[in-house]
Structures are given as C-alpha cells and as structure tokens.
Amino acid sequence: MTYDPSKKITVSYNPLNLPSLVEFDNSDFIEYTYTATGTKLRKTVTSWKTTTGGTTDYAGQFLYQDNELSCIFTPVGRIVPMQYNDETFWKHEYNLTDHLGNVRVVFAAHSNGQPEVMQQTSYYPFGMTLQQQNFGGAHNPPNKLLYNGKELQDDKLAGVSLDWYDYGMRMYDPSIGRWHVPDPVAEWAYDWTPYRYAFNNPISYFDPNGLFETRKEAREYRKENNLTGRVRKGADGVYSIDNRKAGTSTWNDSEYGVVTGAMVVADQVSGKVSNLPSDITFKYDPLSSVERGAMDSDVPAIIMHRTVSSVGANLYSSWKAGTKVAGTHFLVGEDGTVCQTGNLNNHTIHLRSGSSKQMYKKYFKKILNSNTVGIEVIGNYNATTKTWDPLTPDQVTAVAHLVLELTFRYDLDMSNVLPHENVQRKTTGEGQVVLDAIKETIQENW
C-alpha cells in the first residue's frame with residue numbers, strides 16, 4: 001500500500017518493505033529509522049502547523065520520548081517514571097491480556113496496597129479500538145502496546161490519526177484487517193490473499209508476522225530448508241519446528257524473521273505432559289495408588305491399551321479408591337477427556353513383564369513397566385465378534401495429540417508406539433484399533 005485515499009497519506013518503503021516515510025497531504029510527515037535487519041530504532045514526527053511532533057527512540061526495553069526516558073518495558077507490563085515534589089519515583093504497571101495477547105487492563109499498585117486500574121481497552125475482532133478509558137491522568141502516558149501486544153501508531157497529523165499496529169516485520173491496519181505489504185511466503189498459501197491477517201479469523205489466531213500460520217506452511221519451510229524436527233503449534237496459535245534431539249526450535253520472530261534458538265519444553269521437570277491443544281480437556285491428577293517407583297531415564301516405547309468400562313470416570317474412581325492397583329499414566333474417556341493419572345517421572349503397572357508366559361519373547365526383559373508409558377482408552381469389547389468398539393471422534397483427536405506429544409518428549413517415532421497385544425498375550429486388536437484410528441491425524445500433524 002503506497003497511498004491511502006481515506007487518510008490522504010503516501011507511504012514510502014525501504015528495501016525490507018518497511019515503511020520509511022509517511023507523508024500527509026499538508027506536508028506533515030512521519031519518518032522511521034531501522035537497523036539493517038529491520039529493528040525499529042527511531043520514529044520522527046514532523047508537523048509544520050502545530051506543536052505535534054518529536055522523536056521516539058527504541059532501545060530494547062527502553063523507550064525515550066524527545067530524549068527523555070518514557071518507560072521501561074517488562075515481560076508483564078512496564079515501569080513508568082513519575083515526578084512528585086521534584087523527585088522521580090517508578091510506577092510498576094502490569095498488563096492483563098486475553099488468549100490472543102491483547103492488553104485488556106493495565107493496573108498498578110496504589111499507595112494503599114490495592115490494585116489501581118490505569119487503563120482499560122476493548123477491541124473489535126480485527127483490532128480496532130472499541131472503547132478505551134485512561135485513568136492515569138496527564139502525567140501518566142497511556143500504554144500503546146495493545147492489540148496482540150503490539151505498538152499502536154496513533155500519531156495524529158493533518159486531522160488524521162494513523163492508527164496502524166507495528167508488528168516488527170510489517171505494519172497492520174486494523175480498520176481493514178489487512179497488512180500493508182504481502183506475506184513473504186505467500187506462495188505457500190496461494191489460494192489466500194497475501195495481505196490477509198490470521199486467515200480472516202482473528203478470534204482464534206494470532207498472526208505476529210505472516211509466517212507459519214498453518215502446519216502446512218511450517219512443513220514447506222522445513223522441507224525447502226532441509227530442517228529436521230517436529231512441527232508443533234504453540235498456545236498463541238503460531239507453529240514452530242522443534243528438534244528435540246538438537247534442542248532447537250525454529251520459529252518466526254516479530255523482529256528478526258525466521259530464527260532458530262534453544263527449545264524450552266514446558267513442564268518437563270514436573271513430569272506433566274505439555275502442549276496439548278486447548279480444545280482437549282486435560283486433567284492432571286497423579287494417583288499414589290497407580291504410581292510405583294521411579295521411571296527409567298530411557299523410554300523405548302508407549303503402550304496402547306483398551307479397557308472395558310461404562311465411562312472413564314468409573315475406572316478413574318476405582319483407581320483412586322484402590323491400593324496399588326494396575327493402571328496407566330493416561331486414561332482417555334469417551335468424551336476425549338485426557339486424565340494424567342501418573343507423573344511421568346514415576347512408572348505405573350500396566351504390563352505383566354515379570355511373566356515370560358504373558359510377555360512375548362521379543363520384548364521379554366526389554367519392555368518393562370519401569371521404562372514405558374501406558375495410555376488406556378475406554379471402550380467395550382464384543383466377546384461374540386471378538387472386536388473392540390471404534391474410538392469416538394473426540395477420543396481420536398485426544399489420543400492422537402497425546403501420542404504426538406509423548407513421542408516428541410521421548411524422541412520416538414510411531415514404530416515405538418506398540419499395541420498391548422503385540423507385547424504380551426491380550427485380546428486381538430486391543431491396541432491396534434487405537435493405532436488405526438489415530439493414524440491419519442498423526443500423519444496430518446507430524
């Protein structure tokens with residue numbers, strides 16, 4: 001976008017497709033200065049007919065306005081210098097955000113120890129401000145990190161407010177729900193406009209820069225750049241390419257583009273499974289009756305079980321009420337609820353590995369309770385036809401994503417996910433029916 005007739009502004013860009021000059025029809029202008037990699041360093045606002053203007057300097061977490069420190073950004077908000085009786089004190093402000101990172105409320109600690117609301121903002125779905133209330137007064141500059149936590153460019157010149165959001169790699173116009181420049185990897189989703197924002201679904205998706213919006217795009221990037229690792233979706237809806245063995249993660253940074261850094265696995269120490277999709281109901285409640293001793297450090301297999309029970313809650317209740325009962329690390333009910341009943345740092349008793357008559361010779365003394373993770377999927381067995389009920393759609397989704405996370409956690413592939421009946425003598429198809437049901441979902445999300 002080089003000209004906006006609604007605001008009567010002309011935009012010039014640098015070689016990185018970042019706006020370098022925004023000119024208004026009365027000759028007022030805004031000039032942006034960047035590093036060679038595209039990090040914004042300075043914004044200069046020039047107005048010939050009013051006192052509006054000045055410079056804003058960006059130095060990491062420090063923000064300067066006309067050479068005076070305006071605030072210091074923190075992971076949870078900002079620190080604002082305040083003047084009182086010719087002395088400077090520092091006010092710590094904290095942000096309350098929604099699932100998309102939109103800053104809804106800014107509050108600070110009042111002198112009486114109670115929280116004091118400084119700013120409250122509501123948004124239209126694509127980011128325009130629906131309503132904003134500022135309670136900080138003239139001496140407390142409003143917080144401009146708003147929609148998706150990005151900085152609002154609200155400079156008003158020639159009677160027109162710019163009202164763009166700076167996402168680092170591109171500017172976004174919430175009034176039309178579009179970027180001003182094309183998606184740098186638009187060819188990976190050629191059936192969508194390259195100026196789209198979050199696949200036109202801003203309620204569900206957070207699109208920080210236009211890359212890796214979908215698993216397909218991340219896979220294409222992985223293929224074209226000969227990367228290895230698993231494509232995984234984060235809580236903010238952004239995909240990354242995680243290499244567990246190398247301990248690296250490749251994602252698209254809002255300032256530096258596609259980068260590779262150290263991978264952090266949530267809840268690894270606590271023994272809790274992490275990164276399950278938000279639409280899967282997950283309950284973490286390790287049971288002392290199920291847990292036995294410490295889990296071996298090397299986990300060679302995940303074992304798929306079926307069990308007959310009217311509902312998952314009944315089996316869970318019997319495990320909880322029992323003493324030293326046989327049980328698995330995970331129990332998946334008919335409604336797709338995943339209940340983690342065993343801490344992954346401890347093993348459970350889900351195999352009869354001590355009996356050579358039960359365990360097949362191939363796995364005897366190799367696949368043990370102490371080195372495997374068990375997943376129990378509720379279902380019914382027909383003794384006449386000798387078949388297990390198929391998984392419900394909710395079970396398919398839940399079990400598939402659970403297996404994806406566990407294989408990633410232990411650096412396994414699907415050859416290490418074994419049906420119970422392949423390991424020891426059990427009913428035919430007990431675990432295989434689970435593997436067959438989740439196969440397609442696994443392939444789509446690997």
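Numerical summary
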{"item": "Shape of region 347-436, Cα gyration tensor, a/c cut at 1.5", "result": "oblate"}
{"item": "Degrees between helix 393-409 axis and first principal axis of the chain (Cα, 0 to 90, nearest 10)", "result": "80"}
{"item": "Where labels lie 7 Å past Cα in the beta-carbon direction, separation of Thr33 and Asn225 in nm", "result": "3.1"}
{"item": "Quotient of C-alpha Rg and 2.2 N^0.38 Å, computed over the chain", "result": "1.24"}
{"item": "Between 0 and 90°, nearest 10: helix 312-321 axis offset from the chain longest Cα axis", "result": "70"}
{"item": "In degrees, nearest ten, helix 432-445 long axis to first principal axis of the chain (Cα)", "result": "20"}
{"item": "Cα-based reach from Lys223 at 29 Å (exclusive), listing lysines while leaving out same-chain residues under 8 positions away", "result": "Lys233, Lys245, Lys439"}
{"item": "Above-threshold pairs, the threshold being 20 Å between Cα atoms, out of Lys324/Lys361; Lys272/Lys320; Lys365/Lys386; Lys7/Lys40", "result": "Lys324/Lys361; Lys365/Lys386; Lys7/Lys40"}
{"item": "Cα-based shape type of region 282-445, given that a ≥ b ≥ c are square roots of the gyration tensor eigenvalues and the cut on a/c is 1.5", "result": "rounded"}
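Read-outs: derived from the displayed coordinates by stated rules, not from any lab. Being a predicted model, the structure only gives us computed values, none of them experimental. In this analysis, Cβ positions are derived from the backbone assuming ideal geometry, glycine residues included, and neighbour counts consider all displayed protein chains.
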